[in-house]
Amino acid sequence: MHELSIAASIVDYAEEFASEHQAKSISRIELEVGQLSGVVTDSLVFAMEEAVKGSILEKAQVVIVEIAGKSICNKCHTEFDNSDWYTPCPNCQSMDSEIVGGKELLITKISI
Ligand SMILES: [Zn+2]
């Protein structure tokens with residue numbers, strides 16, 4: 001499962017961050033997951049629960065914020081939310097659109 005390796009790299013990053021800041025523990029970590037990032041939020045939550053065991057994040061609160069997918073229609077320039085790759089433009093029904101948001105997978109905040 002792809003989410004397990006993501007969870008493992010989040011833990012790695014947090015441990016590096018903690019040692020850079022000479023922190024003994026992390027109380028909270030916040031992640032942003034775009035709906036179009038290919039990451040299933042529920043799977044990531046589950047993967048994080050496993051990955052944090054015995055790590056600096058073991059006692060941390062893990063907050064995952066879902067970011068809506070956003071596209072701009074190439075024909076009529078309407079901006080619209082799309083939760084998958086196959087949503088047509090709500091204005092002109094065109095499938096010709098560009099994804100402008102929702103592909104991110106970011107660590108936005110770490111509290112020590
Ligand atoms: Zn359109």
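One table, with the values for the structure above:
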item	result
Any chance Ser25 is surrounded by fewer than 13 Cβ atoms within 10 Å (Cβ to Cβ) and either away from the ligand (no atom under 16 Å from the Cβ) or under 16 Å from Ser9 (Cα atoms) (or both)	yes
Answer residue from the stretch 76-90, given it is touching a Phe, Trp or Tyr at 6+ places or on another chain (Cβ under 8 Å) and not hydrophobic (A, V, I, L, M, F, W, C) and is surrounded by the fewest Cβ atoms within 10 Å (Cβ to Cβ) among those	Pro90
Any chance Ile99 is in a strand (DSSP E or B), touching a residue at least 40 places away in the same chain (Cβ under 8 Å) and more than 23 Å from Phe17 (Cβ to Cβ)	yes
In the stretch 99-110, residue farthest from the ligand (Cβ to nearest atom) [restricted to those that are of a type in the set (A, V, I, L, M, F, W, C) and within 19 Å of Ala68 (Cα to Cα)]	Ile107
Hey, Ala14 touching a residue at least 24 places away in the same chain (Cβ under 8 Å) and in a helix (DSSP H, G or I) or not	yes
Single residue of the stretch 52-67 satisfying the filter (more than 22 Å from Gln35 (Cβ to Cβ) and in contact with a helix residue (DSSP H, G or I) (Cβ under 9 Å, 6 or more places away or on another chain)) that is surrounded by the fewest Cβ atoms within 10 Å (Cβ to Cβ)	Ser55
Tally of residues being of a type outside the set (Val, Ile, Thr) and within 14 Å of the ligand (Cβ to nearest atom) across the stretch 40-98	22
Every residue from the stretch 28-51 that is more than 23 Å from Gly101 (Cβ to Cβ), surrounded by fewer than 19 Cβ atoms within 10 Å (Cβ to Cβ) and within 15 Å of the chain's Cα centre (by Cα)	Phe46
Within the stretch 60-95, tally of residues that are at pLDDT below 95, of a type in the set (D, E, K, R) and part of a loop (DSSP other than H, G, I, E, B)	1
Pairs with Cβ under 6 Å, 6+ apart, first in the stretch 56-82 and closer than 19 Å to Asp42 by Cβ, second within 16 Å of the ligand (Cβ to nearest atom)	Ala68/Asp81; Gly69/Asn82
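The values are calculated or read from the model by the stated rules, or taken from the named source; none is laboratory data. On a predicted model such as this, the values are computed, not experimentally measured, just so you know. Heads up, the Cβs are rebuilt from the backbone with ideal geometry, glycines too, and the neighbour counts pull from every protein chain shown.
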